[in-house]
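This report concerns only the one structure given below.
The values are calculated or read from the model by the stated rules, or taken from the named source; none is laboratory data. Remember, predicted model here, so these are calculated numbers, not experimental data. Glycine also receives a Cβ, built like all others from the backbone with ideal geometry; neighbour counts cover every protein chain displayed.
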Amino acid sequence: MNRTLTCIACPLGCTLSVELEGKDIISVSGNTCPRGKEYAISECTHPVRTLTTTMRCENGELVSVKTSKPIPKERVFDALAVINKTVARLPIAVGDVLISDLFGSDVVATMEKRK
Amino acid sequence: MTDLVIIGGGPAGMSAAISAYENGIKDIVILERDDELGGILRQCIHNGFGLHKFKEELTGPEYAHRYAKKVRDLGINVKLNTMVLDITKDKRVIATNSQEGVFEIQARAIILAMGCRERAKGALNIAGSRPSGIYSAGTAQKLVNVKGYLPGKEIVILGSGDIGLIMARRMTLEGACVKAVCELMPYSSGLARNIEQCLNDFNIPLRLSHTVVELHGRERLEGVTIARVDENRRPIKESYEFIPCDTLLLSCGLIPENELTKGIGAELSSVTNGSVVDQNRETTVSGVFSCGNVLHVHDLVDYVSEEAEIAGKGASEYIKGINKKGASIGITVDGKIRYTVPQIITEKKDVTVYLRVNNVYKNVKINVYDKDRLVLSKKKLKVAPAEMEAVKLSASMLEGVESLKFVLEEEK
Ligand code: SF4
């Protein structure tokens, strides 16, 4: 079986062809760089996504956040539910861990917030 | 007298300031109308920025933060909450803020970095009343990401540019149901990766060659009628389809914000809606430079930063009185290539020319001619309006050249 994917690892968006035999990946083609192959393998075995969203701060404003690593795709909405229930303490610096170990990743601030 | 006044503290303005500083100009002021540096990046909380510049994927606020920190560390003067009212031909900048009232700065050189705004008008050529619930995609982005307010629950998006695609995902993550993204053209102007990760991931249908023909609802939007369009982009009656929704987002492209540029008398391009510039991004008014989305709309912020570095260096040379100009090579295009930046080359050095095409083409060559002589040919498997192309010309290629024509040739 063949699967065609669009690589999302960079803005170039290469079209990848993956040759599959059952669950085994026989070959990947169409990638311009090694990250494309990595992406194809992950996408055909266990898809992951980096989640970016916002979190409430104690003063009512929002701070933008992301998962420090991609998390399992099917966990995205579960992760959101946890993030939406959390209130961040101020001040916040870029890179501060606001929730640790959520589905194998930390949730970190992507902007600065003063008190 | 101030050496360099930079209008706008977004990615272009910050990068231009840093570049000018590193090229020896220390007397710089950045004028920014918002209360923080960063421009539009502050509301672009998704990732995908910075792969070229930093070799890692950053979110918009993180990308902005790196530049803002550098600006601060270098001690570059920034005036926030400051609106520029007018710029005169002799480079006086008239601005206002609440502390200083209306004030004037005489600049030796000016860099225009005001960015762009959303195109909205044409898209609203839609029948029906004007109920509430209609937003531009950028406004919705600000509401959701900065104000924390979800503008609606059931969404239709018109236009498949990147902001529209990004907002389809964002609204879905926040609990809204995005029913369709309609695109008038037979192709999306957004990046392929965004169609994949913003639409396909959530099974949001992309309706190519479709538009919104009617709005329903009196006070609040209750639904839209969409239709397929023919080759002439006219709606086909038989294809009318009603979609119930409370919100319509318009993502119909961006347009450079050049109100101030007109006052200076710089020549504008009718294709880019930005200034006509040379390889240093100097406009037709000497000492006035332009970079970033105010010059032409970019698809990647990394390119904005790069372009601003060129403008910052160009401005620094201008201020130091270095003038290497010794040519006037005009660049024309064939129409399939819509435009190039720069449009004119005034110095015979290595120059990278950026260009954008008007349609999706496969197996093409970008050919550069000096009259009938082929100067350079670059093969491309695929070119698309969404992606800017770069062609490198070397100083030796420009020897003896009077004008250049960029032509897109399709291989048989
Ligand atoms: S294969 Fe490499 S170059 Fe192509 S989209 Fe993926 S990461 Fe980018």
>> I'd like to verify a number: residues in the range A:99-115 that are away from every other protein chain (no Cβ under 14 Å) and surrounded by 12 or more Cβ atoms within 10 Å (Cβ to Cβ), how many?
In response: 5
> Counting just the residues of the range A:1-19 that are in contact with a strand residue (DSSP E or B) (Cβ under 7 Å, 6 or more places away or on another chain), part of a loop (DSSP other than H, G, I, E, B) and within 21 Å of B:Val383 (Cβ to Cβ), which one comes out farthest from the ligand (Cβ to nearest atom)?
Replying inline: A:Pro11
>> Which count do you get for residues in the range A:30-47 that are buried (at least 20 other Cβ atoms within 10 Å of the Cβ) and not in a helix (DSSP H, G or I)?
In response: 1
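Based on this model, can you work out whether B:Leu143 counts as touching a strand residue (DSSP E or B) at 6+ places or on another chain (Cβ under 9 Å), assigned by TED's automatic domain parsing to the domain that holds B:Leu199 and without any contact (Cβ under 8 Å) to a residue 24 or more places away in the chain?
Values: touching a strand residue (DSSP E or B) at 6+ places or on another chain (Cβ under 9 Å): yes; assigned by TED's automatic domain parsing to the domain that holds B:Leu199: yes; without any contact (Cβ under 8 Å) to a residue 24 or more places away in the chain: yes.
Answer is yes for this residue.
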>> Which numbered condition in (1) in contact with a Pro (Cβ under 8 Å, 6 or more places away or on another chain); (2) near the ligand (Cβ under 8 Å from one of its atoms) is the only one that A:Arg35 fails?
In response: (1)
>> Every residue in the range B:35-63 that is within 11 Å of chain A (Cβ to nearest Cβ), under 20 Å from B:Arg170 (Cα atoms) and in a helix (DSSP H, G or I), please.
In response: B:Leu41, B:Arg42, B:Gln43, B:Gly60, B:Pro61, B:Glu62, B:Tyr63
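Would the range B:44-59 turn up any residue that is within 19 Å of B:Thr2 (Cβ to Cβ) and not assigned by TED's automatic domain parsing to the domain that holds B:Asn194?
If we filter the range B:44-59 for residues that are within 19 Å of B:Thr2 (Cβ to Cβ), which is where we start, we get none.
No, there is no match, as no residue in the range B:44-59 is within 19 Å of B:Thr2 (Cβ to Cβ) and not assigned by TED's automatic domain parsing to the domain that holds B:Asn194.
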>> Show me the strands (runs of 3 or more DSSP E) entirely contained within the range B:266-373 in which 2 or more residues are in contact (Cβ under 8 Å) with a residue 60 or more places away in the chain.
In response: B:288-290, B:329-333, B:337-341, B:351-357
>> within 16 Å of the chain's Cα centre (by Cα) and crowded, with 16+ Cβ neighbours inside 10 Å: is that true of A:Ile83 in this structure?
In response: yes
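May I ask you to say which residue of B:Ile226, B:Ile204 is at pLDDT 95 or above and not in a strand (DSSP E or B)?
On inspection, the qualifying residue turns out to be B:Ile204.
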> In this structure, is B:Ala390 part of a loop (DSSP other than H, G, I, E, B) and under 23 Å from B:Asn273 (Cα atoms)?
Replying inline: no
> Out of all the residues in the range B:85-93, is one or more within 13 Å of chain A (Cβ to nearest Cβ) and either surrounded by fewer than 16 Cβ atoms within 10 Å (Cβ to Cβ) or within 19 Å of B:Ser305 (Cβ to Cβ) (or both)?
Replying inline: no
> Within the range A:61-102, which residues are assigned to a strand (DSSP E or B) and at positive phi?
Replying inline: A:Asp101
> Is it true that some residue in the range A:14-23 is surrounded by fewer than 17 Cβ atoms within 10 Å (Cβ to Cβ), within 29 Å of B:Lys55 (Cα to Cα) and within 14 Å of chain B (Cβ to nearest Cβ)?
Replying inline: yes
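Looking at B:Leu173, B:Leu165, B:Leu143 in this structure, which one is within 24 Å of B:Tyr187 (Cα to Cα), within 14 Å of chain A (Cβ to nearest Cβ) and of a type outside the set (S, T, N, Q)?
On the way: B:Leu173 fails: within 24 Å of B:Tyr187 (Cα to Cα); B:Leu143 fails: within 24 Å of B:Tyr187 (Cα to Cα).
Only one candidate passes the filter, namely B:Leu165.
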